[in-house]
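Asker: Input: one structure, supplied below.
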Amino acid sequence: MINRSVMTVVFLLATALASTVQAACPDFLNTEMRKLSSKERVNFCEAYAGKPLLIVNTASNCGYTKQFDGLEDLYQEYQDRGLVVIGFSSDDFFQEENDEGNVAAVCYEKYNVSFPMIATSAVRGSDVNPVFKGLGEAKGYPKWNFYKYLVSPEGEVIERFSSNVAPSDAKLRTQLDAVTASIQ
């Protein structure tokens, strides 16, 4: 039988740890959104606290859609170092499928995306989702699809990369190396 005082200490430590993680999480990530083509919801602070993030606004019918391949390559290469790539489907530039099942087919079947994808939402404008509101306020809102935002494990928005910066770009990879070096 576990001693009541030991249980109290364990409870207090767990509560303190949860509070620390929550306190370290910036407001723009302290939100919950639905995953693409799923009923499952993800709370970004709970799921990704202490991890570097590469957050990308995506669209299925854009000239940059082929970047899904490069983003998946980055995810596979850097996930062991803690990096999480998160795609946010958006129709803000009128290049996303209207049917969420079709969006999912492009991501999961055509491009074999295994990184988390979030259901279609606004990434700019008056109805911008909370994550992109924080990113936009920190480094500017996306001007097109496939803008990439690098967020440190502490929640600092480090850099914004435009659509024409490919996932294989040396500048992006240098930043990823730097942000993931402290995790190893």
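The values are calculated or read from the model by the stated rules, or taken from the named source; none is laboratory data. Quick caveat: nothing in here was measured; it's all calculated off a predicted structure. Every residue, glycine as well, gets a Cβ built from its backbone with ideal geometry; the counts of neighbours run over all protein chains shown.
Asker: Against the condition of a type in the set (Ser, Thr, Tyr) and within 16 Å of the chain's Cα centre (by Cα), how does TYR75 come out, does it pass? Steps first, please.
Answerer: Numbers: of a type in the set (Ser, Thr, Tyr): yes; within 16 Å of the chain's Cα centre (by Cα): yes.
Yes: the conditions hold for TYR75.
Asker: Considering SER163, SER60, which residue is crowded, with 16+ Cβ neighbours inside 10 Å and in contact with an Asp or Glu (Cβ under 8 Å, 6 or more places away or on another chain)? I'd like the intermediate steps shown before the answer.
Answerer: Numbers: SER163 fails: in contact with an Asp or Glu (Cβ under 8 Å, 6 or more places away or on another chain).
Matching residue, one of SER163, SER60: SER60.
Asker: Here's another thing I want to ask about it. Of the residues PHE146, PHE115, only one is part of a loop (DSSP other than H, G, I, E, B), out of contact with any Lys or Arg (no Cβ under 8 Å at 6 or more places or on another chain), modelled with pLDDT of 95 or more and buried (at least 20 other Cβ atoms within 10 Å of the Cβ); which?
Answerer: Being part of a loop (DSSP other than H, G, I, E, B), out of contact with any Lys or Arg (no Cβ under 8 Å at 6 or more places or on another chain), modelled with pLDDT of 95 or more and buried (at least 20 other Cβ atoms within 10 Å of the Cβ) holds for just one of PHE146, PHE115, which is PHE146.
Asker: Now a separate question. Right, GLY136: among the small types (Gly, Ala, Ser), in contact (Cβ under 8 Å) with a residue 40 or more places away in the chain and more than 17 Å from ASP69 (Cα to Cα) or not?
Answerer: On the way: among the small types (Gly, Ala, Ser): yes; in contact (Cβ under 8 Å) with a residue 40 or more places away in the chain: no; more than 17 Å from ASP69 (Cα to Cα): yes.
It is false that GLY136 is among the small types (Gly, Ala, Ser), in contact (Cβ under 8 Å) with a residue 40 or more places away in the chain and more than 17 Å from ASP69 (Cα to Cα).
Asker: Could I ask something else about it? Could you list, in sequence order, the residues of the stretch 118-136 that are β-branched (Val, Ile, Thr) and in a loop (DSSP other than H, G, I, E, B)? Break it down into steps so the answer makes sense when it comes.
Answerer: First pass over the stretch 118-136, keeping only residues β-branched (Val, Ile, Thr): 118, 120, 123, 128, 131.
If the condition is that a residue be β-branched (Val, Ile, Thr) and in a loop (DSSP other than H, G, I, E, B), then THR120, VAL123, VAL128 are the ones that fit.
Asker: Which of the residues belonging to the stretch 38-64 are polar (S, T, N, Q) and in a loop (DSSP other than H, G, I, E, B)? Explain how you work it out, then say what you get.
Answerer: Step one: filter the stretch 38-64 for residues polar (S, T, N, Q), giving 38, 43, 57-58, 60-61.
Correct list: SER38, SER60, ASN61.
Asker: Return yes or no: is ILE118 of a type in the set (A, V, I, L, M), under 24 Å from ASP27 (Cα atoms) and touching a residue at least 60 places away in the same chain (Cβ under 8 Å)?
Answerer: Numbers: of a type in the set (A, V, I, L, M): yes; under 24 Å from ASP27 (Cα atoms): yes; touching a residue at least 60 places away in the same chain (Cβ under 8 Å): yes.
Answer is yes for this residue.
Asker: Of the numbered conditions (1) part of a loop (DSSP other than H, G, I, E, B); (2) free of Cβ contacts under 8 Å to residues at least 40 places away in the same chain; (3) in contact with a strand residue (DSSP E or B) (Cβ under 6 Å, 6 or more places away or on another chain), VAL85 satisfies every one except a single condition; which is it?
Answerer: (1)
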